[in-house]
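For reference, the structure discussed in these notes is given below.
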Amino acid sequence: MTKNILILPGDGIGPEIVAEAIKVLEHLRATAGLAIALDEAPVGGAAIDATGEPLPEATLALARQADAVLLGAVGGPKWEPLPIAIRPEKGLLGLRNQLGLFANLRPAILYPQLADASSLKPELVAGLDILIVRELTGGIYFGQPRGVTTLEDGTRQGRNTLIYHESEIRRICRVAFHAARKRNKRVCSVDKANVLECTELWRQIATEVGADYPDVTLSHMYVDNAAMQLVREPKQFDVLVTTNMFGDILSDAAAMLTGSIGMLPSASLDETGKGMYEPIHGSAPDIAGQNLANPLATILSVAMMLRHTLDQPAAAERIERAVSDVLDQGLRTPDILSPGMYRVGTAEMGDAVVAALNKGP
Ligand code: IPM
Ligand code: MG
């Protein structure tokens, strides 16, 4: 049966990197019989410009109907003066929330070819393979009450709320333990249980869930220590599971270990495995439209889509092999460029991946 994929290019470098991912999808449709239909809609700043809203009703409706969503990136300086409630980022957060995409998988894998591009010594990152499981529809990102209020004395007070129901903690922990079972069978739950009651509950629930997975080893770590351990000895981790905001922060740190944030894909899944796929980097407005952006994170997000939602693991592996192949050829966008390698632009990188797919079985 044909699967419907909704493409949301978004802002900044979003349209450029998504165009390269579409080349890969079209190639698989033409050569591997991948039964897909692509549709496209605006989100973020592009949607604000077109309709006045970051997540138009029509875009949300298409996203609900789609089997999977591929998103580029949202946001940019043009829309920063707008109130938070109608900024481009609200388009992304609205999609996550409205589609119930509570489980965000952010793998940080070091391609051996890029060991030189990491900011850490090669021996600390060689073979790095971490999975960050980030809770995506709760916590301080969505908690009420929130906002800035003016007090009686005329001064202003800002407020956000960190709130988790035990059911939200339980379901994300289950995702982490399931993932660990297919990997190295270790889960580290990250919290701030020494200060925040909400994450003390997080720790208790993680422990309870862990009892159902006796084959997986559970450890706990405070988030400040986790940040330090990620840059001290990252290979100690297998699966990390954490709150929405801690996951946002730690996944950027983990990304840099792999050489460039331009390499990391992500999957955001609902209870049924339906998902939205996006690179973890942002819209990078400073380099937008200049053929400088790295499309590999978006292309690798397509691989995650094939594996997690479209049930095409062989096609996913083909893409991952093709990415490895272009890195073997020495092709590098500026973010991962190192001495002796060949500098290519966004479109050339996409073309090279398609050419490498052609070579494969
Ligand atoms: C991410 C991004 C988003 C987030 C922004 C763009 C709203 O940083 O996906 O990591 O904070 O979740
Ligand atoms: Mg982030």
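Miscellaneous remarks
- Applying a threshold of 9 Å to beta carbon distances and a minimum spacing of six or more residues, or different chains, the list of pairs starting in the range 242-254 at a residue that is more than 20 Å from residue 175 (Cα to Cα) and ending at one that is near ligand 2 (Cβ under 10 Å from one of its atoms) and in a helix (DSSP H, G or I) reads 252/261.
- Condition check for residue 207: among the polar types (S, T, N, Q), more than 12 Å from ligand 1 (Cβ to nearest atom) and surrounded by fewer than 24 Cβ atoms within 10 Å (Cβ to Cβ): yes
- Pairs linking a residue in the range 261-289 that is within 16 Å of residue 316 (Cα to Cα) to a residue that is of a type in the set (Lys, Arg) and more than 12 Å from ligand 1 (Cβ to nearest atom), with Cβ atoms under 9 Å and 6 or more positions apart or on different chains, are 267/307.
Let's see how each residue does on (1) in contact with an Asp or Glu (Cβ under 8 Å, 6 or more places away or on another chain); (2) surrounded by 18 or more Cβ atoms within 10 Å (Cβ to Cβ); (3) not acidic (Asp, Glu):
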residue: 55; (1), (2), (3): no, yes, yes
residue: 70; (1), (2), (3): yes, yes, yes
residue: 84; (1), (2), (3): no, no, yes
residue: 98; (1), (2), (3): no, no, yes
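- Residues in the range 274-290 that are of a type in the set (Val, Ile, Thr) and within 15 Å of ligand 1 (Cβ to nearest atom): 280 alone.
- Test: residue in the range 23-35 that is over 17 Å from residue 301 (Cα atoms), assigned by TED's automatic domain parsing to the domain that holds residue 347 and in contact (Cβ under 8 Å) with a residue 60 or more places away in the chain: yes
- Restricting the first member to the range 209-233 and to residues that are in the same structural domain as residue 249 (by TED's automatic domain parsing) and free of Cβ contacts under 8 Å to residues at least 40 places away in the same chain, and the second to residues that are exposed (fewer than 12 other Cβ atoms within 10 Å of the Cβ) and not in a helix (DSSP H, G or I), the beta-carbon pairs closer than 7 Å and six or more apart or on different chains are 222/194.
- Which numbered condition residue 280 fails, given (1) within 13 Å of ligand 2 (Cβ to nearest atom); (2) buried (at least 22 other Cβ atoms within 10 Å of the Cβ); (3) over 13 Å from the mean Cα position of the chain (by Cα): (3)
- Counting only helices (runs of 4 or more DSSP H) that fall entirely inside the range 32-137 and contain at least 1 residues that are within 16 Å of ligand 1 (Cβ to nearest atom), farther than 26 Å from residue 254 by Cβ and touching a Phe, Trp or Tyr at 6+ places or on another chain (Cβ under 8 Å), the qualifying elements are 45-51.
- So residue 289, is it assigned to a loop (DSSP other than H, G, I, E, B), assigned by TED's automatic domain parsing to the domain that holds residue 357 and within 15 Å of ligand 2 (Cβ to nearest atom): no
- Any hit, the range 247-264, residues being of a type in the set (Asp, Glu), buried (at least 20 other Cβ atoms within 10 Å of the Cβ) and within 16 Å of ligand 1 (Cβ to nearest atom): no
The values are calculated or read from the model by the stated rules, or taken from the named source; none is laboratory data. All of these numbers come straight from a predicted model, not from anything done at the bench. FYI the Cβ positions are ideal-geometry reconstructions off the backbone, even for glycines, and counts take in every protein chain you see.
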